[in-house]
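As structure tokens, the structure follows; a few thoughts come after it.
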Amino acid sequence: MSPRTNVAAAAGTWRLGDLTVNRVGFGAMRLTGTAPFDHGVPRDREQSIGVLRRAVELGVNHIDTASFYFSATRSANELINRALAPYPEDLVITTKVWPGRDPSGEWWWATPSQLRGQVEENLRQLGRDHLDVVNLRVPPSRRTGSIGEHFGALAELRDAGLIRHLGVSNVTSEQLAEALGIAPVVCVQNPYGIGASEQERALLRLCGELGLAFVPFFAIAGSGREAGAAAR
């Protein structure tokens, strides 16, 4: 790799627990193809590896990924491992669990007892002995329900040393409060961008009051999400 610069630090830094990261991070979902998962056209493998290496050269030290980021021919975690291992000491890799995909690409949702298997799958693919941050990614069907049993299972894995810090993703304010009552939360990963709803803005304000890192996805596309930002 070329010598590292710190262009990504221009926007400042934030804390994920005891870890300091530059505010500009890298999401790995599209490493595998022109569209997420098994859609679109597969990316050129060497191009994806080059993009990862270049991001780190520019000072990106926070990468978001998941074991379910894979297509028929590419795995985001494997690409990250191939491109960046042995990992820089300051690189924070965040992953997420609860959703899963079987080898055919079909989606499934883990029970609390199955979360350990998902954590171990990420460990194997990334070639690590622990995960820096694991987000509990709440399924759309559970947006109004309790996440306590699942988050409690992740807290046990943190206590066992498999996970350093915990976060939550796609949550409501009520679910965040429930998680905080079980174990420390270092980040909230939710959609936020152009056209954000009042509910989304309220959760952002809450994170600010609590001093929690807020990691937005669809930050540019906003409510258009996969379709892209609306003309307005």
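The values are calculated or read from the model by the stated rules, or taken from the named source; none is laboratory data. Note that the structure is predicted; figures quoted are calculated from it, not measured. Note: ideal-geometry Cβ built from the backbone for every residue, glycine included; neighbour counts use all protein chains shown. Calculation scope for accessible area: heavy atoms of the full protein, side chains included, ligands and nucleic acids excluded. Shrake-Rupley method; radii C 1.70, N 1.55, O 1.52, S 1.80 Å.
Observations on the model:
- Any hit, segment 70-77, residues being farther than 20 Å from N22 by Cα, assigned to a strand (DSSP E or B) and of a type in the set (G, A, S): yes
- Test: residue in segment 56-76 that is more than 14 Å from R137 (Cβ to Cβ), of a type in the set (S, T, Y) and touching a strand residue (DSSP E or B) at 6+ places or on another chain (Cβ under 7 Å): yes
- Put simply, of S104, S113 the only residue that is over 17 Å from the mean Cα position of the chain (by Cα) and part of a helix (DSSP H, G or I) is S113.
- The conditions of being more than 24 Å from D38 (Cβ to Cβ) and either surrounded by fewer than 18 Cβ atoms within 10 Å (Cβ to Cβ) or in contact (Cβ under 8 Å) with a residue 40 or more places away in the chain (or both) are met by G181.
- Segment 14-30, residues that are of a type in the set (G, A, S) and in a loop (DSSP other than H, G, I, E, B): G17, G25, A28
- Yes/no for L210 being modelled with pLDDT of 95 or more, under 30 Å from Q114 (Cβ atoms) and either open to solvent by less than 70 Å² (accessible area, probe 1.4 Å) or under 17 Å from the mean Cα position of the chain (by Cα) (or both): no
- Hey, R164 within 17 Å of the chain's Cα centre (by Cα) and part of a loop (DSSP other than H, G, I, E, B) or not: no
- Some residue of segment 31-41 being under 19 Å from L126 (Cβ atoms) and either part of a helix (DSSP H, G or I) or among the small types (G, A, S) (or both): yes
- Selection over segment 19-50 of residues that are open to solvent by 80 Å² or more (accessible area, probe 1.4 Å) and free of Cβ contacts under 8 Å to residues at least 60 places away in the same chain gives a count of 7.
- Looking across segment 85-123 at every residue that is under 30 Å from G59 (Cβ atoms) and of a type in the set (S, T, Y), the one that is surrounded by the fewest Cβ atoms within 10 Å (Cβ to Cβ) is identified as Y87.
- Considering only residues in segment 58-68 that are open to solvent by less than 20 Å² (accessible area, probe 1.4 Å) and more than 10 Å from the chain's Cα centre (by Cα), the one that is nearest to V21 (Cα to Cα) turns out to be N61.
- Whichever residue in segment 124-170 is β-branched (V, I, T) and farther than 24 Å from Y87 by Cα and, among such residues, is surrounded by the fewest Cβ atoms within 10 Å (Cβ to Cβ): T144
- Which listed residue, of R4, R82, R53, is in a loop (DSSP other than H, G, I, E, B), open to solvent by 50 Å² or more (accessible area, probe 1.4 Å) and more than 25 Å from L136 (Cβ to Cβ): R4
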